[in-house]
Amino acid sequence: MARKQKQQHGELSLSTFTARRRLAAGGISTLLGGALLISSASAPAFATDAGGTSRASDTAAVVEKATGTGDIAPSTAAADTPAAATTTTQAGSVTVKAPQLASGSVTSTAGDGSSVSLDLPGTADSTGTKLGAGTVVYLDAAASTDVAVQPTTDGGARTLVTLKDGKAPTEHRFTFDLPAHATLSADGAGGYEILKPLGDGGVITAGTIEAPWAKDANGAPVPTRYRLEGSTLVQEIDTDSDTAFPVVADPKYTWGIVTGTAYMNRAETKKIATYGAMAGLAAGALPPPLNVLYTTNATLVTAKAVSANSAKQCLKIKFAAGLFIPGAYKGGHCK
């Protein structure tokens with residue numbers, strides 16, 4: 001897809017070698033990938049004037065008040081140097097890079113080489129400053145708006161906007177550059193799943209966009225929602241004369257090996273129902289450790305496929321924090 005050219009000099013790197021599933025905390029979206037590394041590809045990108053640093057620190061404090069700091073990937077270095085943060089779970093690797101400039105893109109690359117990029121909504125070439133517990137702040141990235149990026153211990157990345165006053169725009173656009181054949185699909189809870197093909201037999205969740213949220217200066221929720229325009233995620237934030245500014249809003253996305261849901265199509269469901277689970281594409285296409293769970297539960301998978309096929313539905317398999325839950329669905333990819 002066509003994407004605007006970005007200046008990507010001196011990128012801040014966040015390396016993830018295996019991360020634990022956000023579903024353990026109640027979602028459907030976390031990576032099974034692992035160690036986060038934040039560093040500078042060349043000289044650290046930091047504000048050079050004392051006033052700018054002070055304002056960036058204020059923004060970092062506002063953002064971290066809204067998000068909390070418990071899941072920000074911990075830093076072993078001072079705020080004005082490259083930082084490293086590590087978390088470990090079962091398998092896979094993901095590398096996340098935050099751009100030096102607010103007009104750049106956050107890029108996540110999985111161990112298989114597939115990658116997703118997300119354009120930050122900045123319109124100015126504001127330089128990133130790492131402060132607080134690890135929040136990278138881009139001051140004045142747009143009119144009355146600061147932008148921030150946070151690595152999280154589940155392998156994800158939050159891309160936050162801070163509306164400083166009533167003059168700030170209330171729509172912010174985040175354009176995704178997805179791998180070939182990957183698609184965005186509404187998850188029914190206000191967010192999206194990033195789906196990639198599972199051979200010719202269905203799709204599997206390889207990333208997620210969590211449901212949006214926004215908070216005002218008092219921590220009160222501010223109405224917000226997403227709409228999708230092609231590959232561009234648009235976050236709408238409802239502010240008015242009674243809103244207590246600043247307002248912080250957060251799209252968060254993950255990419256890589258995800259414990260989510262694999263959706264089989266009609267042909268694949270019928271094949272598994274007829275010949276058994278180990279004849280299905282999923283037996284060889286699922287990444288570890290999901291393939292092991294599939295093999296271990298082959299009898300259960302086959303039985304559920306038989307039931308789904310008889311009801312003219314399709315097989316789905318949810319992987320949730322170590323749980324393996326075969327089920328049935330209709331619509332969507334069930335065709």
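The values are calculated or read from the model by the stated rules, or taken from the named source; none is laboratory data. Owing to the predicted nature of the structure, the values given are computational and were not obtained by experimental measurement. Here Cβ is always computed from backbone atoms with ideal geometry, including for glycine, and neighbour counts include all displayed protein chains. The area values use the complete protein model at the heavy-atom level, side chains included, leaving out ligands, DNA and RNA. Shrake-Rupley method; radii C 1.70, N 1.55, O 1.52, S 1.80 Å.
Can you flag which of Lys270/Lys316; Lys196/Lys252; Lys130/Lys167; Lys97/Lys215; Lys252/Lys304 are past 23 Å Cα-Cα?
Long pairs (Cα-Cα over 23 Å): Lys130/Lys167; Lys97/Lys215; Lys252/Lys304.
Under a Cβ-Cβ cut-off of 9 Å, what is the net charge of the residues other than Lys312 that fall near it, where Lys and Arg count +1 and Asp and Glu count -1?
+2
Using a 7 Å offset from the Cα along the Cα-to-Cβ direction at both Ala124 and Ile325, what is the distance between the two label points in nm, to one decimal?
4.6
Around Val301, what is the net charge, scoring Lys/Arg as +1 and Asp/Glu as -1 over all other residues with Cβ under 14 Å from its Cβ?
+4
Quote to one decimal, in nm, the extra length available between Met278 and Arg227 on full extension: 0.36 nm per residue of separation minus the C-alpha distance between them.
14.4 nm
With no solvent and one equal point scatterer placed on each C-alpha of region 208-269, evaluate the Debye formula and give log10 I(q)/I(0) for q = 0.18, 0.23, 0.26 Å⁻¹, two decimals.
Reported log10 I(q)/I(0), two decimals: -0.77, -0.98, -1.07.
What is the extension gain from Asp242 to Ala298, computed as 0.36 nm multiplied by their sequence separation minus the C-alpha to C-alpha distance, in nm to one decimal?
Additional length available on full extension: 14.5 nm.
Keeping the other protein chains in place, figure out the carbon and sulfur percent of the accessible area of region 83-223, with a 1.4 Å probe.
Solvent-exposed carbon and sulfur of region 83-223 make up 49 percent of the total.
Give the peptides 215-227, 55-67, 184-196 in descending order of average Cβ contacts within 10 Å, highest first.
Packing proxy ranking, top to bottom: 55-67, 184-196, 215-227.
Taking every alpha carbon pair in region 179-335, what does the distance histogram look like in 10 angstrom bins from 0, in percent?
Per 10 Å bin, starting at 0, the Cα pair percentages come out as 11, 34, 27, 15, 9, 3, 0.
Taking the highest mean first, how do the peptides 100-108, 128-136, 116-124 order by number of other beta carbon atoms within 10 angstrom per residue?
Those peptides, ordered most packed to least, come out 128-136, 100-108, 116-124.
Roughly how many nanometres apart are two label points built 7 Å out from the Cα toward the Cβ at Ala180 and Asp200?
1.7
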